[in-house]
Amino acid sequence: MEERSFAYFTVKDRLPQILTKVIDTLHRHKNEFFEEHGEGVEAEKRAISFLSKLRNELQTDKPVTPLEDELPDAALWNQYLDYQRNLSNGNGEPSWFQSPWLFVECYMYRRIHAALAQNPPIGSFDVFKEGKAQNFFESQEAIIALCTYFQELLKNIQDLDEKQLQGELFKLLQVSLWGNKCDLSFSAGEGSSQKSSPLQCLEDMVPYIIVNDMERLWSLLINAKKRNTDKCNVRVDIILDNAGFELVSDLVLTDFLLSSKLADEVHFHGKSIPWYVSDTTKNDFNWTIKQLQSANHMWMSRCGINWEGNLKKGVWVYHDHMFWTLPHVYSSMAEVAPDLYADLQKSNLLLFKGDLNYRKLTGDRKWEYTVPFHQALNKFHPAPLCSLRTLKSDTQVGLKPGQGEQIQASEPEWMVSGKYGIVQFDATP
Ligand SMILES: O=P(O)(O)OC[C@H]1O[C@](O)(CO)[C@@H](O)[C@@H]1O
Ligand SMILES: [Mn+2]
């Protein structure tokens, strides 16, 4: 990791802050563990000491050590660690600051998971749950605005012509894109909710979409719809990112795809363990739909009820595969998780949400800005795919010559501020 780079500051400042918050959260829940399980205080102490040790290893730049737990993915992690060691040319064990940013960040979340998973009865406690729920509640107004807009739209969706349908798709794509501003690892767990109405300022934000392939997405979807016969369903997959407002915006987008008959089934991919503070797990997914259902607002609860129905009917399917919480970049998916790769091949379109997914799609390298997206994907191509991401890390490809330099000149922080976004598509196999 380069000293004074964005990666360096993340590992030096942000990751220890996140660990401190996790420790504090466990402390605060001590009594609750006791009341729930009649025990748990010992487990909480053990987990805290494990986490303090982890924070110390990070802050004093100790070697990154193999995982010692027996969780199902431990062997794959340790193989990856071996591979990193070989890359460091026999210079011993790479330390936290000498290892790639993507790897150490993933590794930290995996160790947090181990601290809890190894300590029953608090093994399935999600240390980030509170923050995710808070983000949801603080975005209440925006969620109401979005659900209301969407339910109104559904009333006459059958009567919309192609142009109008395209316009609505573009709106909801943008809401889902900007929803990606609301993640919590970026702010080290400090609040980051959607405060204003998500639909109002879309027009003003168009200039900040620096790669905008929405037209190409539309062509793919409308052509698939026209070709569609009863026998062959159009399937869209969405690789989710953050819970809270972003998740609601993704659910609205995917409901639109079904309701407009641009798609027949949607598959969601979430994380199987708590990840990057705000990423969506199965619990968050179900919790969010339940919250909407029982909300004291007609259109919010209508959304929740419909979505529960979609899951029951099987037109919405939730998956979590351990691959999404491994450190591997996506060009190794075919080899490391061939079952997942084969499943994604059944899709007509893969939507990847968020910054971390983009880093893993592009191998998290410092590419020249003008390198084609297809090249950076490095043969990862299970199906046509699109990244919807606000820029929060210094990887960006597929720009026009001079475009990156021009933005850089007026806004040095453009790659990490979350202010710019992309809708970047690649369909070539
Ligand atoms: O939720 P997102 O969009 O994947 O963003 C998470 C991003 O925030 C960061 O944690 C900021 O460092 C990045 O590591 C990561 O890419
Ligand atoms: Mn995230």
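Overview of results
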{"read-out": "5 angstrom amide H check on ASP279, placed H, neighbours 5+ away", "value": "ALA243"}
{"read-out": "FRET efficiency estimate (nearest 0.05) - Cβ-Cβ, ASN56 to ILE222, R0 60 angstrom", "value": "0.60"}
{"read-out": "Beta bridge orientation in the chain: antiparallel %, DSSP, nearest 5", "value": "25 percent"}
{"read-out": "Which of THR281, THR428 has the fewest Cβ neighbours within 10 Å, and the rest in rising order", "value": "THR428, THR281"}
{"read-out": "FRET E, pair GLU203, SER95, Förster distance 35 Å, beta-carbon r, rounded to 0.05", "value": "0.15"}
{"read-out": "Efficiency of FRET from Cβ geometry, GLU141 and GLU39, R₀ 45 Å, rounded to 0.05", "value": "0.60"}
{"read-out": "Phi to ³J(HN,Hα) by Karplus 6.51 cos²θ - 1.76 cosθ + 1.60 over segment 164-177, Hz, x for Gly, Pro", "value": "5, 4, 4, x, 5, 4, 4, 4, 6, 5, 5, 4, 5, 4"}
{"read-out": "Label-zone membership for segment 119-141, site ASN296, 7 angstrom Cα→C-beta point, backbone N under 20 Å", "value": "133-141"}
{"read-out": "Simple spin-label estimate for ASP161 and SER49 in nanometres, 7 Å along Cα-Cβ", "value": "7.3 nm"}
{"read-out": "Rounded if a/c under 1.5, otherwise prolate or oblate - segment 250-298, Cα gyration tensor axes", "value": "oblate"}
{"read-out": "Listed residues VAL104, ASN135, LEU154: farthest to the positive end of the dipole of segment 20-156 (Cβ charges)", "value": "VAL104"}
{"read-out": "Highest-fluctuation residue, ASP126, ASP394, ASP73 considered, GNM on the chain with Cα pairs under 10 Å", "value": "ASP73"}
{"read-out": "Percent of Cα-Cα distances greater than 35 Å, calculated over the chain", "value": "28 percent"}
{"read-out": "Residues SER176, SER124, sorted so that the one with the fewest Cβ neighbours within 10 Å comes first", "value": "SER124, SER176"}
{"read-out": "Using alpha-carbon coordinates, inclination of helix 129-138 to the longest axis of the chain, degrees", "value": "40 degrees"}
{"read-out": "Ranked ILE23, ILE157, ILE305, criterion: other C-beta atoms within 10 Å, fewest first", "value": "ILE305, ILE157, ILE23"}
{"read-out": "Spatial separation of Cα centroids for segment 366-393 and segment 33-109, in angstrom", "value": "29 Å"}
{"read-out": "Model label zone, TYR8; criterion: amide N under 17 Å from point 7 Å along Cα-to-beta-carbon; scope segment 58-74", "value": "59-62"}
{"read-out": "Residue among ASP355, ASP343, ASP255 with the largest mean-square fluctuation in a Gaussian network model of the chain, springs linking Cα atoms under 10 Å", "value": "ASP343"}
{"read-out": "Dimensions (Å) - segment 217-270, Cα atoms, principal axes, largest first", "value": "36, 17, 17"}
{"read-out": "Helical mean residue ellipticity (222 nm; -39500 (n - 2.57) per DSSP H run of 4+; nearest 500) of the chain", "value": "-15000 deg cm²/dmol"}
{"read-out": "Label-point gap, in nm, between SER196 and GLN79 - each point 7 angstrom along Cα→Cβ", "value": "4.9 nm"}
{"read-out": "Under the Karplus curve 6.51 cos²θ - 1.76 cosθ + 1.60, θ = phi - 60°, whole-Hz ³J(HN,Hα) for segment 140-152, x wherever Gly or Pro sits", "value": "3, 4, 5, 5, 4, 4, 5, 5, 5, 4, 5, 5, 5"}
{"read-out": "Rounded tilt (10° steps) of 298-313 against the dominant C-alpha axis of the chain", "value": "80 degrees"}
{"read-out": "Residues with amide H under 5 Å from that of VAL234, placed H, sequence gap 5 or more", "value": "ASP264, GLU265"}
{"read-out": "Distance violations [Cα-Cα > 28 Å] among LYS313/LYS419; LYS171/LYS290; LYS12/LYS360; LYS129/LYS225; LYS290/LYS360; LYS366/LYS419", "value": "LYS313/LYS419; LYS129/LYS225; LYS290/LYS360"}
{"read-out": "Extension gain, ARG365 back to ALA383 (0.36 nm per residue minus Cα-Cα distance, nm)", "value": "4.2 nm"}
{"read-out": "Cα centroid separation, segment 405-425 to segment 229-297 (Å)", "value": "27 Å"}
{"read-out": "VAL371 long-range amide H proximity, modeled H, under 5 Å", "value": "GLY398, LEU399"}
{"read-out": "Cβ charges +1 (Lys, Arg) and -1 (Asp, Glu), total dipole of the chain, debye", "value": "480 debye"}
{"read-out": "For the chain, built as a Gaussian network whose Cα springs stay under 10 Å, the top-fluctuating residue of GLY304, GLY314, GLY270", "value": "GLY314"}
{"read-out": "Helix 74-87 vs. the chain, principal-axis angle (Cα, 0 to 90°, nearest 10)", "value": "80 degrees"}
{"read-out": "Value of relative contact order over the chain, rounded to a whole percent, pairs C-alpha under 8 Å and six or more apart", "value": "16 percent"}
{"read-out": "Bins of 5 Å, starting at 0 and running to the largest distance - Cα pair percent for segment 6-102", "value": "2, 12, 16, 18, 20, 15, 8, 6, 2, 1, 0"}
{"read-out": "Hydrodynamic radius of segment 129-183 per Kirkwood, over alpha carbon pairs, in Å", "value": "12.8 Å"}
{"read-out": "At 1.002 mPa s and 20 °C, Stokes D of segment 291-365 from Kirkwood alpha-carbon radius, µm² per second", "value": "144 µm²/s"}
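Coordinate-derived values only; no laboratory data. Please read these numbers as outputs of a predicted model, since none were measured by experiment. Cβ coordinates were reconstructed from backbone atoms using ideal geometry, including for glycine residues, and neighbour counts include every protein chain displayed.
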